[in-house]
Amino acid sequence: MIFELRKEIIFPPVHLADQSGIIAVGGDLSPARLIEAYRNGIFPWYSEGEPITWWSPDPRFVLFPKEIIISKSMRKTLRKNIFQITYNRCFKKVILGCKNAKRKQTGTWITNEMAEAYIRLHNLGYAHSIEAWKDGELAGGMYGVSLGKCFFGESMFTNVSNASKAAIITLAMRMQELDFSIIDCQVYTDHLDSLGARMISREEFISIIDKSFS
């Protein structure tokens, strides 16, 4: 049903995005619109009280699963099994953890509308969470959208040092096993840069998405 609606939901060509990466403003966060957006390399990002804003930045910050960098200290942490990693065990708790996390950047707060939209996507099987547990408590995690052979990371949080790193490293290793092409990180962060994420052109990014469906 979602894909039958694709013809009714049309985004402008991504090369028409302005210099900051904004491609469109308005619309809604329906599952059909979100899936169409991700399929075209577009994601929503806005703050409370602002209209829904859709982005397709150039360049794009991405992590190729095979390029994940695991430091000596993280290898030691992973070998000790300090964190237990699960998938889709408590999606709502993860998105609320991301929503309530303190951010250095502005404009990244996850609104109630956004949280509800991704919970709907999760219930439909498109959005997924990766949880890191320590001593039976949720220590950190991340969530994103999976389409084709691409995982579009949305947000992460950590309550315990290295918890989110353990989550994304484990995800990258799992993505290698599943022959996924890419983990989209959207915009630059020092945290993801240290794990091997890098910039690629929007043109290359769109090409990777298209090939992942072939």
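Would you mind checking which residues have amide H under 5 Å from F152's amide H? H placed 1.01 Å from N; only 5 or more apart, or other chain.
Residues meeting the criterion, in which the H sits 1.01 Å from N, are V145, S146, L147, D184.
Answer rounded, prolate or oblate for segment 24-120, using the Cα gyration tensor with square roots of eigenvalues a ≥ b ≥ c: rounded when a/c is under 1.5, else prolate when a/b is larger than b/c, else oblate. Intermediate values should be presented prior to the final figure.
Numbers: a/c = 2.03, a/b = 1.64, b/c = 1.24.
It is prolate, given that a/c is not under 1.5 and a/b is the larger ratio.
In whole percent, how big is the carbon plus sulfur part of the accessible area of the chain, probe 1.4 Å, protein atoms only?
Numbers: 5620 of 10970 Å².
Carbon plus sulfur share of accessible area: 51 percent.
Please tell me which of these pairs span more than 21 angstrom C-alpha to C-alpha: K80/K134; K102/K165; K165/K211; K93/K134?
Beyond 21 Å between Cα atoms: K165/K211.
If R0 is 45 Å, what FRET efficiency do you get for E204 and N159 from their C-beta distance, rounded to 0.05?
0.80
Rolling a 1.4 Å sphere over the protein heavy atoms, what is the accessible area per residue of the chain, to the nearest Å²?
Working: 10970 Å² over 214 residues.
Result: 51 Å² per residue.
Any chance you could run the full-extension gain for M74 through K93? It's 0.36 nm times the residue separation minus the Cα-Cα distance, nm to one decimal.
4.4 nm
List the relative contact order of the chain as a percent without decimals, with contacts defined as Cα pairs under 8 Å and 6+ residues apart. Write out the running numbers ahead of the final one.
Numbers: 368 pairs, mean separation 53.1, N = 214.
The value is 25 percent.
So which GluC sites (Glu not before Pro) in segment 22-128 are both in a DSSP loop and have at most 11 other Cβ atoms within 10 Å of their Cβ? List each step's numbers first, then the result.
Values: sites: E36, E48, E67, E113, E116; in loops: E48.
Here the GluC sites (Glu not before Pro) that fit, given the DSSP loop and packing criteria, are E48.
Among L96, P51, A37, which residue has its Cα positioned farthest towards the positive end of the charge dipole of segment 32-103, with +1 placed on the Cβ of Lys and Arg, -1 on the Cβ of Asp and Glu, and the dipole taken about the Cα centre?
Farthest towards the positive pole: L96.
Would you mind checking which residues have amide H under 5 Å from G196's amide H? H placed 1.01 Å from N; only 5 or more apart, or other chain.
Excluding prolines and chain starts, which carry no amide H, the hits are I69.
Tally Lys and Arg at +1 and Asp and Glu at -1 over the other residues with C-beta under 11 Å from the C-beta of G196: what net charge comes out?
Residues close to G196 contribute a combined charge of 0.
Roughly speaking, what is the centre-to-centre gap between segment 185-208 and segment 50-97 when only Cα atoms are used, to the nearest Å?
Taking the Cα centre of each part, segment 185-208 and segment 50-97 sit 13 Å apart.
The values are calculated or read from the model by the stated rules, or taken from the named source; none is laboratory data. For clarity, every value in this text was computed on a predicted model and none was experimentally measured. Cβ sites come from the backbone with ideal geometry, for glycine too, and all protein chains shown count toward neighbours. For accessibility, only protein heavy atoms count, side chains too; no ligands or nucleic acids. Shrake-Rupley method; radii C 1.70, N 1.55, O 1.52, S 1.80 Å.
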